[in-house]
Structures are given as C-alpha cells and as structure tokens.
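S.K.: The structure's right below; bear with me while I get my questions together.
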Amino acid sequence: MNGLKTRIMGARAGAGLVAFFLIFTICVDCAGPAGSAPSSRPERIILNPTQNPTTSMAVTWRTTDAVENPQAQIAVATAAPDFRDKAVSAAAKTETVKIDGANPVYYHSVVFESLKPSTLYAYRVGSPAGWSEWNHFRTAAANDEPFSFVYLGDPQNEIESMCSRVFRAAQMKAPDAAFWLFVGDIVNNGENDDEWREFYDAIGWIPRSIPMILLPGNHEYRKTMGVTEGLTYLWRPQFTFPENGPAGLEELKEASYYIDYQGALFVTLNGNERLEEQAKWLKKVLRDNPRKWTIVSIHQPFYSTAGNRDNPYHKMLFTDIFDKHGVDLVLQGHDHTYGRTHKVFKDKKRKDKGTVYVVTVTGPKQYKPSELYKDIMAKTGTQTQLFQVVRINGDKLTYESYNVTGELFDSFELTKTN
Ligand SMILES: [Fe+2]
Ligand SMILES: [Fe+2]
C-alpha cells in the first residue's frame, strides 16, 4: 500500500516537474520583444542590394536591447583567418521602433561603400556587446558577366512550417544566385512582428550571404476595419533599399526603386498606391536605359491568373509603357497560382516581340486558376509550391520554374537578336 502511495506521489512529483519544465520552456520560447529579455545579440540580419551593387552593399539587423556603438566590420574574405586583422568598421544608423506601440527594438543599418567589383567580402555586424558570425557576400562584376537570380512568389502563410522547404530547395538548386527577388506578401499581416520573425527563421542564414530584393504586397499594408491605409511601420526599418524612386514621395521610399546588375535593370514597383506617379517615373527610368535586359517586378498581376480577379487600372497605366520600352520580363505574385504568358504586345500574344508576364507562389495558400487571359497564357497551374531560377548570359535569358520537390515545372528562353 505504502509502496503504491510512494509510486503515485513519485508520479505526481514527476508530473509537477514536467509541468514546471513545460512552463519554463514555453516562457523561454516566448521569442520577441514582448516575451523575452532584451538582447544585444544581432538578429534578422539581411543584405539588400544598392542601386550599384558593384561597389556597395547594404546590411540591416536589429537588437532587442539598446546597444552602444552599433557597427559593421568588413574585409576582403580570405581562406586564412587573419582577414579579420584588416577589417574596417562602419558606424551604423539606428532607428528605434516600438513593436505594437510598446516594446522598443533597435534597427541598425550600414551601407558598405567603395567596394571592389567581383570580390568576395567577409563582414559581421553588432557592437562590443555582441557580434554576429562573419558572413560572406560577393559584389557584382563591373561588366555584363553571366549571373542568375531566384524569383519567389508570395510566402505569406505558414512561412516557417511550409515555406522553409521552398527556400531550402531554391538555395540548393541555385547556390550561386546573385540575389533573390520577392514580389510581396512576404507575410500575411505586415504589422505582426512575429510573422516577420517566422520569415527570418524560415529563411535562415541565406539573407546574410545572398542579398534580397523585396517589394510590398497588399499584405504589407496596414488595414483598419478592412480599409487599406499605409505601408507597415516595420517595412522601412528592417530593409535598406535604394531611395531612387519617384522624387518627393515619402510613402514610396524603399518600396519603389531600381537596381543595376551586370547589364540588367531591375525595377520594383509598389502596386499598392501612387500608381500614376510611378508610371510617370517608370517612363523616365526606361527612356534612358542602355541595359540589355529590363525586368520589372510588382505584386499585383497585369494579367490575372486566379479566380475572378483582374487589375484593369494597373494594366491601363503600365502595359503600354512596357510595350513602348521593350520590357523583357514582368515578375508578379498576389494570385496564389502559377501563370506564364507568351510574349505579349498590346494585350495580344506575339511571336516576334513583347513582354513575358509571370505569376508564381511560394506558400501553401493556393487559389483556383482563372480563364480570363487563357489566350495569352503559355503555362498555368495551381496547388504547387514553386521557386524560379533566372539566368542571364549575354543575349540569352533562361527561366526555369521548379516545384518544391525538385521537378522542372516550366521553362522558356528569351534571346536578343539585336
Ligand atoms: Fe496579395
Ligand atoms: Fe498573397
């Protein structure tokens, strides 16, 4: 009897211990500024290309505690570990952001300048109170050497659980990608700091070595009672993009911009607001454009691929500009399906000239395909998590879309004849 009682008490004591550890673990897991002690350790480190990635590179990170003397250190990478002796420091700019209006975090950024083209650099970020690891990135070449990049549609939902596998597959398929390009709806609620935490957890070390081009989707916009207001307060502090968009429009800064990369021009548009001003700006950018390839990215598709969706106002404002200036490729998201057009000119399929428009999706949310533009579509699909690898080599652009299990899903080539 006594033995039984002892065993029961022992079991209770064990259960109590388990409960204690569970509570303890749950509390330790309460990552983020609201649930854990502030830390001076750098987190959410992300590289972003500048307008001219041959000689400069931007890096942004944050600490949840205020730190003295935040900075980044950089040196040309060598196999010998003494590259660190030659590292130089650049002081960071710091912006304090209150998460949900209450918990302060500290976003730090540095733009490395005067770098050498085609050079592998090692850098770390932090402060005397805590440093990141040394990471590598490579600057762009000064001439039009071949390169590749990864293009990704909306992650948005179950980012950690279901998008990690896409990010990992993309990294393994294209380990030499010069950068990754996301076309918005990176998270579902752009105001939710924990969804951004999920994004960084899902993508791991990749943005510490491969620069990320991102643009905002409608889900990066603040909504009150269902009414879309402005770009989330978390956008500008956590990224450092070129501020070469439409002049004088504060709301488009770091959301509408362009980047030059080895003979290709990458223009990102913010499809959520100020479309007329961006159309005017785009005409100017494309008028004086000596690059061989021009690639435009925007969240909302011009030729919708899902449900009963359509964006006629976007189409009315922009597609004539693409026709006139010979834009090669338009990369889009938003429709949670796959759709790739033939070459399109004046809304019609053409063999000789025109722009290829693509919609793709990363995450598990998938919509029903639309028939609206079926006459111009070369490939459509849904219920497939995808990533794309685009290679530019002189007069040839090679596009490949892979599903997350590694099979080729779609591909095409564009060739410049003049
Ligand atoms: Fe969207
Ligand atoms: Fe979306």
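S.K.: Test of understanding: in a Gaussian network model of the chain with alpha carbons linked when under 10 Å, which of Leu331, Leu317, Leu269 would top the mean-square fluctuation ranking?
M.R.: Largest GNM mean-square fluctuation: Leu317.
S.K.: Quick one: compute a quarter of the convex hull surface over the Cα atoms of the chain and quote it in nm². All intermediate terms of the calculation are to be shown ahead of the outcome.
M.R.: Details: hull surface 103.8 nm².
Mean projected area of the Cα convex hull: 25.9 nm².
S.K.: Considering only Cα-Cα distances, which of the following residue pairs are longer than 28 Å: Lys253/Lys324; Lys348/Lys368; Lys253/Lys416; Lys223/Lys292? Each step should come with its number before you reach the end.
M.R.: Values: Lys253/Lys324 26 Å; Lys348/Lys368 23 Å; Lys253/Lys416 33 Å; Lys223/Lys292 40 Å.
As for pairs spanning more than 28 Å Cα to Cα, those are Lys253/Lys416; Lys223/Lys292.
S.K.: Measure nothing but the geometry: give the 0 to 90° angle between the long axis through the Cα atoms of 2-28 and the longest principal axis through the Cα atoms of the chain, rounded to 10°.
M.R.: 40
S.K.: Still on this structure, please answer the following. Using amide H atoms built in the peptide plane, which far-off residues or other-chain residues are under 5 Å from Thr294 H to H?
M.R.: Leu265, Asp328, Leu329
S.K.: Comparing Thr268, Thr405, Thr362, which has the greatest mean-square fluctuation in the GNM of the chain with Cα pairs linked when under 10 Å apart?
M.R.: Thr405
S.K.: Hey, what number do you get for the chain at 222 nm if only DSSP H runs of n ≥ 4 count, each worth -39500 (n - 2.57), divided across all residues, to the nearest 500?
M.R.: Helix-only estimate at 222 nm: -6000 deg cm²/dmol.
S.K.: So what's the angle, to the nearest 10 degrees on a 0 to 90 scale, between helix 193-203 and the longest Cα principal axis of the chain?
M.R.: Approximately 80 degrees, to the nearest 10.
S.K.: For the range 147-415, with every protein chain kept in place, what is the accessible area per residue (1.4 Å probe, Å²)? Please list the in-between numbers first.
M.R.: On the way: 10170 Å² over 269 residues.
Heavy-atom SASA per residue in the range 147-415 reads 38 Å².
S.K.: Right, here's the next one. Cut-off 10 angstrom, C-alpha nodes, Gaussian network model of the chain. Which of Ala202, Ala79, Ala174 fluctuates the most?
M.R.: Of Ala202, Ala79, Ala174, the Gaussian network model singles out Ala79 as fluctuating most.
S.K.: Which ³J(HN,Hα) values, rounded to whole Hz and listed in residue order, are derived for the range 338-353 from phi using the Karplus coefficients 6.51, -1.76 and 1.60 in 6.51 cos²θ - 1.76 cosθ + 1.60 with θ = phi - 60°, glycine and proline given as x?
M.R.: Calculated HN-Hα couplings, in order: 10, x, 10, 8, 5, 4, 10, 9, 6, 6, 10, 5, 9, 8, 7, 7 Hz.
S.K.: Relative contact order, percent, of the chain when contacts are C-alpha pairs under 8 Å separated by at least 6 residues?
M.R.: Values: 976 pairs, mean separation 56.9, N = 418.
So the answer I get is 14 percent.
S.K.: With +1 assigned to the C-beta of every Lys and Arg and -1 to the C-beta of every Asp and Glu, and no other charges, what is the dipole magnitude of the range 147-415 about the Cα centre in debye, to the nearest 20? Before the final figure, lay out the partial values.
M.R.: Numbers: 33 positive and 36 negative charges, 220 e Å.
Rounded to the nearest 20 debye, it is 1060 debye.
The values are calculated or read from the model by the stated rules, or taken from the named source; none is laboratory data. Just so you know, these numbers come straight off a predicted model, no measurement behind them. All Cβ positions, even for glycine, are placed from backbone atoms using ideal geometry, and neighbour counts span all protein chains on display. All accessible areas refer to the heavy atoms of the entire protein, side chains included, with ligands and DNA or RNA removed. Shrake-Rupley method; radii C 1.70, N 1.55, O 1.52, S 1.80 Å.
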